[in-house]
Amino acid sequence: MRHYTVYLIEEEFANHFFGREVKLFQLFQEFMRTSPEQPEFIHLKKQITYITRQIPKNYIDDMISSSLNGRYNYAYSQNRHHIESESMQGGAILETGDRSVTVTSEGSFDMEAIFFEVLRKADSCFLAMDFEEKRHGWLKPIKERKFV
């Protein structure tokens with residue numbers, strides 16, 4: 001089973017850290033490992049709140065629903081989007097939060113890719129992270145600006 005946490009990064013920071021996503025990943029990873037009782041927890045939480053944007057939950061939910069509605073293997077209930085593979089050998093669940101989106105999937109990578117594609121169209125600053133497998137990346141890579 002794969003578990004992704006997807007954050008909407010402020011555009012200024014997304015542009016600055018393009019190509020250096022590992023730094024953002026390390027920040028989020030450190031925050032995940034820090035307990036609320038530790039003194040650095042509040043500092044890390046403030047940093048993450050500063051570099052992330054609020055998730056437009058209704059907009060994201062509407063985009064996913066309108067993109068996938070009509071598919072027999074898609075369902076939405078209790079703030080959870082669920083898609084099952086056609087072979088019933090896997091699936092994915094997406095839940096929207098205030099500052100992050102979680103995607104849990106098993107089976108084919110195509111299942112989470114369906115959700116990632118919709119998120120990618122919604123905004124170019126989504127950063128997905130799988131903390132267990134230590135993987136991370138932009139859902140829509142930001143093209144480097146060319147200066148003349």
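The values are calculated or read from the model by the stated rules, or taken from the named source; none is laboratory data. What you see is a predicted model; the values in this text were computed from it and never measured. Positions of Cβ are generated from backbone atoms using ideal geometry, with glycine treated the same way; all protein chains shown enter the neighbour counts. Accessible surface areas use protein heavy atoms only, side chains included; no ligands, DNA or RNA. Shrake-Rupley method; radii C 1.70, N 1.55, O 1.52, S 1.80 Å.
Compared with the dominant principal axis of the Cα atoms in the chain, helix 40-51 is inclined by about 70°. Couplings 3J(HN,Hα) of the range 24-39, computed from phi: 5, 4, 5, 4, 5, 5, 5, 4, 5, 7, 8, 8, x, 7, 6, x Hz, in residue order, whole Hz [Karplus 6.51 cos²θ - 1.76 cosθ + 1.60, θ = phi - 60°; x for Gly and Pro]. The chymotrypsin sites (Phe, Trp or Tyr not before Pro) of the range 69-148 that meet both conditions, a loop assignment by DSSP and at most 14 other Cβ atoms within 10 Å of the site Cβ, are Tyr72, Phe109, Phe147. Neighbours of Val118, meaning other residues whose beta-carbon lies under 13 angstrom from its beta-carbon, give a summed charge of -1 when Lys and Arg score +1 and Asp and Glu score -1. Within the assembled protein chains, the solvent-accessible surface assigned to Asp98 is about 90 Å², based on a 1.4 Å probe. Magnitude of the charge dipole for the chain, about its Cα centre and with charges confined to Cβ atoms of Lys, Arg (+1) and Asp, Glu (-1), is about 480 debye.
Taken along the Cα-to-beta-carbon direction at a fixed 7 Å, the label points for Ile42 and Asn15 span 3.3 nm. Ligands, DNA and RNA are left out, and with a 1.4 angstrom probe the accessible area of the chain is 62 Å² per residue.
With a Cα cut-off of under 30 Å and a minimum spacing of 8 residues unless on different chains, the lysine pairs in the range 18-148 number 27. The string of couplings for the range 67-72 from the Karplus curve (6.51, -1.76, 1.60, θ = phi - 60°) is 6, 10, 4, x, 7, 5 Hz, one whole number per residue in order, with x for Gly and Pro. Protein-only accessible surface at a 1.4 angstrom probe places the residues Met129, Met32, Met63, Met1 in the order Met1, Met32, Met63, Met129, largest first.
Given the alternatives (i) 35, 15, 11; (ii) 27, 19, 15; (iii) 21, 20, 16, semi-axes √(5λ) of the Cα gyration tensor in Å as computed for this entry is given by (ii). Note on Lys46: accessible area approximately 140 square angstrom, rounded to 10, probe 1.4 Å, nucleic acids and ligands left out.
Residue ranking by accessible heavy-atom surface, 1.4 Å probe, largest first, among Glu117, Glu86 comes out as Glu86, Glu117. Computed from backbone phi with θ = phi - 60° and the Karplus coefficients 6.51, -1.76 and 1.60, the 3J(HN,Hα) list for the range 106-112 is 8, x, 4, 5, 4, 5, 6 Hz; x is used for glycine and proline.
Rounded to the nearest 0.05, the FRET efficiency derived from the C-beta distance between Gln29 and Tyr72 at R0 = 35 Å is 0.40. Solvent-accessible area assigned to carbon and sulfur over the range 24-98 amounts to 49 percent, based on a 1.4 Å probe.
Near Arg99, the amide H atoms lying under 5 Å from its own belong to Ile55; only residues 5 or more places off or on other chains count, and H is placed 1.01 Å from N.
Dividing the summed helix terms, -39500 (n - 2.57) for each DSSP H run of n ≥ 4, by the number of residues in the chain produces a 222 nm estimate of -11500 deg cm²/dmol to the nearest 500.
So, in Å, what gap is there between the alpha-carbon centers of the range 65-94 and the range 118-142? What the calculation gives is 20 Å, centre to centre.
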